[in-house]
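Take a look at the structure below.
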Amino acid sequence: MTQGFRKEGFKHQELVVLPGPIQEAARRHPVLKSLYVTDAGFFPEAVAHRMERKRGAPGAVLIVCLAGRGWAKIGATSLSVRAGQAVLIAPDQPHSYGADLSDAWTIVWAHFSGTELIFWWRILALPEAGGIIRTRCRAPELLELGRVHEQLAAGYDEPRQIAAAAALRWSLAQLSGAAEAAEGERDEMEAVATWMQEHVSQRVTVMTLARRAGLSPAHFSLCFKQHTGFAPIDYFLRVKIRRACGMLDGTPWTVERIARELGYEDAFYFSRLFRSIMGSSPKAYRKKAKG
(Lines give C-alpha, C1' and ligand atoms only; values in the text may rest on other atoms or scores of the structure.)
Protein backbone atom coordinates (compact mmCIF):
# COMPACT_ATOMS: atom_id res chain seq x y z
CA MET A 1 0.00 0.00 0.00
CA THR A 2 1.35 3.43 -1.00
CA GLN A 3 2.47 5.49 1.99
CA GLY A 4 -0.19 7.95 3.15
CA PHE A 5 -3.09 5.81 1.94
CA ARG A 6 -5.08 3.35 4.03
CA LYS A 7 -7.36 0.36 3.56
CA GLU A 8 -9.65 1.14 6.51
CA GLY A 9 -9.71 2.86 9.91
CA PHE A 10 -12.03 5.76 9.07
CA LYS A 11 -13.97 7.69 11.69
CA HIS A 12 -17.43 6.19 12.29
CA GLN A 13 -16.74 3.31 9.90
CA GLU A 14 -18.56 0.01 10.25
CA LEU A 15 -16.84 -3.21 9.25
CA VAL A 16 -17.71 -6.91 9.56
CA VAL A 17 -15.59 -9.86 8.40
CA LEU A 18 -17.03 -13.32 8.97
CA PRO A 19 -14.59 -15.89 10.42
CA GLY A 20 -13.23 -18.48 8.00
CA PRO A 21 -15.13 -21.42 9.55
CA ILE A 22 -18.42 -19.47 9.30
CA GLN A 23 -17.77 -18.71 5.63
CA GLU A 24 -16.96 -22.35 4.93
CA ALA A 25 -20.17 -23.46 6.65
CA ALA A 26 -22.16 -20.98 4.54
CA ARG A 27 -20.59 -22.39 1.38
CA ARG A 28 -22.08 -25.81 2.27
CA HIS A 29 -25.38 -24.53 3.72
CA PRO A 30 -28.47 -25.65 1.73
CA VAL A 31 -29.88 -22.10 1.64
CA LEU A 32 -26.83 -19.85 1.90
CA LYS A 33 -24.65 -21.64 -0.65
CA SER A 34 -26.45 -19.85 -3.48
CA LEU A 35 -25.54 -16.39 -2.09
CA TYR A 36 -23.63 -15.61 1.10
CA VAL A 37 -21.80 -12.54 2.41
CA THR A 38 -18.23 -12.80 3.71
CA ASP A 39 -17.37 -9.14 4.42
CA ALA A 40 -19.38 -5.92 4.55
CA GLY A 41 -19.00 -2.37 5.73
CA PHE A 42 -19.59 1.37 5.56
CA PHE A 43 -16.79 3.93 5.11
CA PRO A 44 -17.94 7.57 5.56
CA GLU A 45 -15.79 10.30 3.99
CA ALA A 46 -12.99 7.79 3.43
CA VAL A 47 -10.13 10.27 2.95
CA ALA A 48 -7.00 8.64 1.49
CA HIS A 49 -8.81 5.32 1.07
CA ARG A 50 -7.03 2.95 -1.28
CA MET A 51 -7.16 -0.82 -1.77
CA GLU A 52 -5.16 -2.98 -4.16
CA ARG A 53 -5.52 -6.73 -4.68
CA LYS A 54 -3.07 -7.99 -7.27
CA ARG A 55 -4.67 -11.44 -7.23
CA GLY A 56 -8.22 -10.26 -6.69
CA ALA A 57 -10.60 -11.20 -3.88
CA PRO A 58 -12.00 -14.71 -3.29
CA GLY A 59 -15.55 -13.44 -3.82
CA ALA A 60 -17.27 -10.68 -5.76
CA VAL A 61 -16.84 -7.12 -4.51
CA LEU A 62 -19.77 -4.67 -4.64
CA ILE A 63 -19.21 -0.99 -3.80
CA VAL A 64 -21.95 1.64 -3.84
CA CYS A 65 -20.83 5.28 -3.76
CA LEU A 66 -23.24 7.30 -1.62
CA ALA A 67 -21.42 10.64 -1.80
CA GLY A 68 -18.19 12.12 -3.10
CA ARG A 69 -16.08 10.50 -5.79
CA GLY A 70 -13.64 7.67 -6.25
CA TRP A 71 -12.02 5.45 -8.83
CA ALA A 72 -11.56 1.80 -9.64
CA LYS A 73 -9.22 -0.17 -11.85
CA ILE A 74 -10.36 -3.63 -12.92
CA GLY A 75 -7.62 -5.39 -14.83
CA ALA A 76 -6.49 -2.80 -17.39
CA THR A 77 -9.78 -0.84 -17.27
CA SER A 78 -9.83 2.41 -15.29
CA LEU A 79 -13.16 3.79 -14.07
CA SER A 80 -14.26 7.04 -12.45
CA VAL A 81 -16.91 6.58 -9.78
CA ARG A 82 -19.30 9.22 -8.50
CA ALA A 83 -22.24 9.33 -6.11
CA GLY A 84 -25.12 7.25 -7.41
CA GLN A 85 -22.89 4.65 -9.05
CA ALA A 86 -21.89 1.13 -8.07
CA VAL A 87 -18.89 -1.00 -8.94
CA LEU A 88 -19.04 -4.79 -9.11
CA ILE A 89 -15.80 -6.77 -9.43
CA ALA A 90 -15.57 -10.47 -10.26
CA PRO A 91 -13.87 -13.00 -7.95
CA ASP A 92 -10.13 -13.49 -8.46
CA GLN A 93 -9.97 -10.44 -10.73
CA PRO A 94 -6.94 -8.18 -10.06
CA HIS A 95 -8.17 -4.75 -9.08
CA SER A 96 -7.63 -1.59 -7.10
CA TYR A 97 -9.88 1.26 -6.00
CA GLY A 98 -9.85 4.31 -3.81
CA ALA A 99 -11.24 7.71 -2.89
CA ASP A 100 -10.80 10.84 -4.96
CA LEU A 101 -8.05 13.01 -3.47
CA SER A 102 -10.15 16.19 -3.43
CA ASP A 103 -13.66 14.77 -2.83
CA ALA A 104 -13.36 11.54 -0.83
CA TRP A 105 -16.17 9.09 -1.34
CA THR A 106 -18.58 7.66 1.19
CA ILE A 107 -19.20 4.02 0.35
CA VAL A 108 -21.12 1.00 1.49
CA TRP A 109 -19.75 -2.34 0.32
CA ALA A 110 -20.02 -6.10 0.51
CA HIS A 111 -18.00 -9.13 -0.55
CA PHE A 112 -20.02 -12.20 -1.44
CA SER A 113 -19.92 -15.61 -3.08
CA GLY A 114 -22.32 -18.35 -4.11
CA THR A 115 -23.70 -20.25 -7.04
CA GLU A 116 -25.89 -17.26 -8.05
CA LEU A 117 -22.96 -15.09 -9.10
CA ILE A 118 -22.99 -16.15 -12.74
CA PHE A 119 -26.70 -15.32 -12.98
CA TRP A 120 -26.30 -11.85 -11.44
CA TRP A 121 -23.53 -11.08 -13.91
CA ARG A 122 -25.89 -12.05 -16.71
CA ILE A 123 -28.80 -10.05 -15.27
CA LEU A 124 -26.64 -6.96 -14.76
CA ALA A 125 -25.13 -7.34 -18.26
CA LEU A 126 -21.61 -6.76 -16.95
CA PRO A 127 -18.28 -7.62 -18.58
CA GLU A 128 -16.76 -10.81 -17.22
CA ALA A 129 -14.27 -8.93 -15.06
CA GLY A 130 -16.86 -6.51 -13.69
CA GLY A 131 -17.74 -2.89 -14.27
CA ILE A 132 -19.68 0.17 -13.21
CA ILE A 133 -23.45 0.45 -12.77
CA ARG A 134 -25.66 3.52 -12.38
CA THR A 135 -28.09 2.95 -9.56
CA ARG A 136 -31.84 3.01 -10.32
CA CYS A 137 -32.50 4.91 -7.10
CA ARG A 138 -32.35 8.70 -7.15
CA ALA A 139 -30.87 8.37 -3.65
CA PRO A 140 -28.36 5.48 -3.70
CA GLU A 141 -28.85 4.80 0.00
CA LEU A 142 -32.30 3.49 -0.95
CA LEU A 143 -30.56 0.42 -2.33
CA GLU A 144 -30.28 -0.56 1.34
CA LEU A 145 -26.93 -2.29 0.90
CA GLY A 146 -26.15 -0.98 4.37
CA ARG A 147 -28.60 -3.52 5.80
CA VAL A 148 -26.09 -6.23 4.90
CA HIS A 149 -23.45 -5.19 7.41
CA GLU A 150 -26.12 -4.14 9.91
CA GLN A 151 -27.43 -7.70 10.00
CA LEU A 152 -24.01 -9.29 10.38
CA ALA A 153 -22.89 -6.76 12.99
CA ALA A 154 -25.62 -8.19 15.23
CA GLY A 155 -24.21 -11.72 14.96
CA TYR A 156 -23.09 -14.57 12.71
CA ASP A 157 -26.00 -16.88 13.47
CA GLU A 158 -27.86 -18.56 10.61
CA PRO A 159 -30.92 -16.24 10.60
CA ARG A 160 -28.66 -13.15 10.46
CA GLN A 161 -26.65 -14.57 7.57
CA ILE A 162 -29.83 -15.39 5.67
CA ALA A 163 -31.17 -11.88 6.34
CA ALA A 164 -27.88 -10.36 5.12
CA ALA A 165 -28.06 -12.43 1.94
CA ALA A 166 -31.66 -11.31 1.39
CA ALA A 167 -30.63 -7.65 1.80
CA LEU A 168 -27.82 -8.16 -0.71
CA ARG A 169 -30.15 -9.87 -3.16
CA TRP A 170 -32.57 -6.92 -2.86
CA SER A 171 -29.75 -4.47 -3.63
CA LEU A 172 -28.63 -6.47 -6.65
CA ALA A 173 -32.20 -6.61 -7.91
CA GLN A 174 -32.46 -2.83 -7.67
CA LEU A 175 -29.28 -2.51 -9.69
CA SER A 176 -30.48 -4.86 -12.42
CA GLY A 177 -30.90 -3.27 -15.83
CA ALA A 178 -29.54 0.08 -14.71
CA ALA A 179 -26.29 -0.15 -16.67
CA GLU A 180 -27.89 0.18 -20.09
CA ALA A 181 -30.44 2.97 -19.79
CA ALA A 182 -29.61 6.64 -19.28
CA GLU A 183 -31.20 8.34 -16.27
CA GLY A 184 -33.61 10.41 -18.41
CA GLU A 185 -34.70 7.31 -20.30
CA ARG A 186 -35.33 5.43 -17.04
CA ASP A 187 -37.56 8.30 -15.91
CA GLU A 188 -39.50 8.06 -19.16
CA MET A 189 -39.93 4.31 -18.78
CA GLU A 190 -41.20 4.74 -15.22
CA ALA A 191 -43.64 7.40 -16.45
CA VAL A 192 -44.98 5.07 -19.14
CA ALA A 193 -45.30 2.20 -16.65
CA THR A 194 -47.24 4.49 -14.30
CA TRP A 195 -49.49 5.56 -17.17
CA MET A 196 -50.26 1.90 -17.85
CA GLN A 197 -51.30 1.39 -14.23
CA GLU A 198 -53.68 4.33 -14.51
CA HIS A 199 -55.19 3.39 -17.89
CA VAL A 200 -55.78 -0.36 -17.72
CA SER A 201 -59.03 -0.07 -19.68
CA GLN A 202 -57.27 1.20 -22.80
CA ARG A 203 -55.88 -0.74 -25.76
CA VAL A 204 -52.57 0.66 -26.98
CA THR A 205 -49.80 0.02 -29.49
CA VAL A 206 -46.04 0.26 -29.12
CA MET A 207 -46.17 3.31 -31.40
CA THR A 208 -48.57 5.08 -29.01
CA LEU A 209 -46.43 4.29 -25.96
CA ALA A 210 -43.22 5.29 -27.75
CA ARG A 211 -44.74 8.68 -28.58
CA ARG A 212 -45.48 9.22 -24.89
CA ALA A 213 -41.81 8.58 -24.14
CA GLY A 214 -40.61 10.71 -27.06
CA LEU A 215 -38.63 7.82 -28.55
CA SER A 216 -38.70 5.73 -31.69
CA PRO A 217 -40.69 2.47 -31.29
CA ALA A 218 -37.55 0.33 -31.63
CA HIS A 219 -35.51 2.32 -29.09
CA PHE A 220 -38.46 2.60 -26.73
CA SER A 221 -39.06 -1.16 -26.83
CA LEU A 222 -35.40 -1.85 -26.06
CA CYS A 223 -35.24 0.63 -23.17
CA PHE A 224 -38.57 -0.51 -21.72
CA LYS A 225 -37.52 -4.17 -21.69
CA GLN A 226 -34.20 -3.26 -20.07
CA HIS A 227 -36.07 -1.31 -17.40
CA THR A 228 -38.88 -3.78 -16.65
CA GLY A 229 -37.77 -7.12 -18.05
CA PHE A 230 -40.77 -7.27 -20.39
CA ALA A 231 -41.67 -5.95 -23.83
CA PRO A 232 -44.11 -2.98 -23.56
CA ILE A 233 -47.31 -4.75 -24.66
CA ASP A 234 -46.45 -7.86 -22.62
CA TYR A 235 -45.92 -5.66 -19.57
CA PHE A 236 -49.24 -3.87 -20.14
CA LEU A 237 -51.00 -7.23 -20.44
CA ARG A 238 -49.53 -8.28 -17.11
CA VAL A 239 -50.72 -5.03 -15.54
CA LYS A 240 -54.22 -5.80 -16.81
CA ILE A 241 -54.12 -9.39 -15.55
CA ARG A 242 -52.94 -8.27 -12.09
CA ARG A 243 -55.86 -5.84 -12.01
CA ALA A 244 -58.18 -8.64 -13.15
CA CYS A 245 -56.99 -10.80 -10.26
CA GLY A 246 -57.87 -8.01 -7.86
CA MET A 247 -61.34 -7.74 -9.37
CA LEU A 248 -61.89 -11.50 -9.23
CA ASP A 249 -60.85 -11.56 -5.58
CA GLY A 250 -62.54 -8.35 -4.48
CA THR A 251 -65.77 -8.04 -6.46
CA PRO A 252 -68.69 -10.26 -7.49
CA TRP A 253 -68.36 -9.08 -11.09
CA THR A 254 -68.68 -11.59 -13.91
CA VAL A 255 -65.73 -12.44 -16.12
CA GLU A 256 -67.54 -10.62 -18.95
CA ARG A 257 -67.74 -7.39 -16.95
CA ILE A 258 -64.12 -7.62 -15.81
CA ALA A 259 -63.06 -8.13 -19.41
CA ARG A 260 -64.94 -4.97 -20.44
CA GLU A 261 -63.42 -3.00 -17.56
CA LEU A 262 -59.99 -3.91 -18.95
CA GLY A 263 -60.82 -3.00 -22.52
CA TYR A 264 -61.76 -6.44 -23.91
CA GLU A 265 -65.16 -6.91 -25.53
CA ASP A 266 -64.50 -10.60 -26.15
CA ALA A 267 -64.58 -12.40 -22.80
CA PHE A 268 -63.31 -15.63 -24.33
CA TYR A 269 -60.25 -13.86 -25.76
CA PHE A 270 -59.65 -12.21 -22.39
CA SER A 271 -59.91 -15.61 -20.66
CA ARG A 272 -57.27 -17.05 -23.00
CA LEU A 273 -54.94 -14.16 -22.19
CA PHE A 274 -55.62 -14.63 -18.48
CA ARG A 275 -54.79 -18.35 -18.70
CA SER A 276 -51.57 -17.64 -20.62
CA ILE A 277 -50.31 -15.51 -17.70
CA MET A 278 -51.86 -17.16 -14.63
CA GLY A 279 -51.99 -20.78 -15.77
CA SER A 280 -55.71 -21.12 -15.04
CA SER A 281 -58.99 -19.62 -16.25
CA PRO A 282 -60.47 -16.58 -14.46
CA LYS A 283 -63.22 -18.74 -12.95
CA ALA A 284 -60.74 -21.35 -11.71
CA TYR A 285 -58.55 -18.59 -10.26
CA ARG A 286 -61.55 -17.13 -8.38
CA LYS A 287 -62.29 -20.53 -6.78
CA LYS A 288 -58.75 -21.02 -5.48
CA ALA A 289 -58.21 -20.63 -1.73
CA LYS A 290 -55.89 -17.69 -1.07
CA GLY A 291 -54.26 -16.03 1.90
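So how tilted is helix 267-278 from the main axis of the chain? Cα-based, degrees 0 to 90, rounded to 10.
Value to nearest ten degrees: 20.
At a probe radius of 1.4 Å, what is the per-residue accessible area of TRP71, in Å² to the nearest 10?
Looks like 70 Å² after rounding.
Would you mind getting me the FRET efficiency between ARG260 and TRP170? Use the beta-carbon distance for r and R0 = 45 Å, nearest 0.05. List each step's numbers first, then the result.
Details: r = 38 Å, r/R0 = 0.85.
Efficiency for this residue pair is about 0.75.
What longest region of the chain stays clear of trypsin sites (Lys or Arg not before Pro) that DSSP places outside H, G, I, E and B and that have at most 14 other Cβ atoms within 10 Å?
Numbers: sites that count: LYS7, LYS11, LYS54, ARG55, ARG138, ARG203, LYS288, LYS290.
That would be 204-287.
Evaluated at 20 °C with a viscosity of 1.002 mPa s, what Stokes-Einstein diffusion coefficient in µm²/s does the chain have when Rh comes from the Kirkwood expression over alpha-carbon pairs?
Numbers: Rh = 21.5 Å.
Here the translational diffusion coefficient equals 99 µm²/s.
Please list 3J(HN,Hα) in residue order for segment 202-213, calculated via the Karplus relation 6.51 cos²θ - 1.76 cosθ + 1.60 where θ = phi - 60°; whole Hz, with x for glycine and proline.
8, 10, 10, 10, 4, 4, 4, 5, 4, 4, 4, 8
Under the definition of Cα pairs under 8 Å and six or more residues apart, what whole-number percent is the relative contact order of the chain? Intermediate values should be presented prior to the final figure.
Values: 504 pairs, mean separation 41.6, N = 291.
Here the relative contact order equals 14 percent.
Filter LYS33/LYS54; LYS240/LYS287; LYS240/LYS290; LYS33/LYS288 down to the pairs with a C-alpha to C-alpha distance above 29 Å, please.
Details: LYS33/LYS54 26 Å; LYS240/LYS287 20 Å; LYS240/LYS290 20 Å; LYS33/LYS288 34 Å.
Pairs exceeding the cut-off: LYS33/LYS288.
Using Cα atoms only, what is the angle between the long axis of helix 232-250 and the major principal axis of the chain, expressed in degrees (0 to 90) to the nearest 10?
So the helix axis and the longest Cα principal axis differ by about 70 degrees.
What do you get when you divide the Cα radius of gyration of segment 62-136 by 2.2 N^0.38 Å, with N the number of residues? Numbers along the way, then the final one.
On the way: Rg = 12.1 Å, N = 75, 2.2 N^0.38 = 11.3 Å.
Against the compact-globule rule of thumb, the ratio is 1.06.
Short version: ³J(HN,Hα) in whole Hz for each residue of segment 80-85, in order, from phi by Karplus 6.51 cos²θ - 1.76 cosθ + 1.60 (θ = phi - 60°), x for Gly and Pro, what are they?
Rounded to whole hertz, the list is 9, 10, 10, 4, x, 10.
Which of ILE74, ALA86, PRO44 sits closest to the plus end of the dipole of segment 44-128, meaning its Cα is farthest towards the positive end, when Lys and Arg get +1 and Asp and Glu get -1 on the C-beta?
Farthest along the dipole direction, towards plus: ILE74.
Hey, what's the per residue convex hull volume over the C-alpha atoms of segment 1-138, in cubic angstrom? Kindly include the intermediate steps, with their values, before the conclusion.
Numbers: hull volume 16.3 nm³, N = 138.
Spelled out: Cα convex hull of segment 1-138, divided by residues, is 118 Å³.
Name the longest site-free stretch of the chain, where the excluded sites are GluC sites (Glu not before Pro) in a DSSP loop with no more than 14 other beta-carbon atoms within 10 Å. Please report the intermediate quantities before stating the final value.
On the way: sites that count: GLU8, GLU128, GLU265.
With a cap of 14 other Cβ atoms within 10 Å, the longest stretch comes to 129-264.
Under 8 Å for C-alpha pairs, at least 6 residues apart: give me the relative contact order for segment 165-291, rounded to a whole percent.
Numbers: 97 pairs, mean separation 25.9, N = 127.
Relative CO of segment 165-291 lands at 20 percent.
As I understand it, the value is the acute angle between the Cα axis of helix 217-228 and the longest principal axis of the Cα atoms of the chain; what does it come to in degrees, rounded to 10?
For helix 217-228, the angle is close to 60 degrees.
The values are calculated or read from the model by the stated rules, or taken from the named source; none is laboratory data. Just so it is clear, the structure is predicted and the values come from calculations on it, not from any experiment. In this analysis, Cβ positions are derived from the backbone assuming ideal geometry, glycine residues included, and neighbour counts consider all displayed protein chains. Accessible surface is based on the protein model in full, side chains and every heavy atom, while ligands, DNA and RNA are left aside. Shrake-Rupley method; radii C 1.70, N 1.55, O 1.52, S 1.80 Å.
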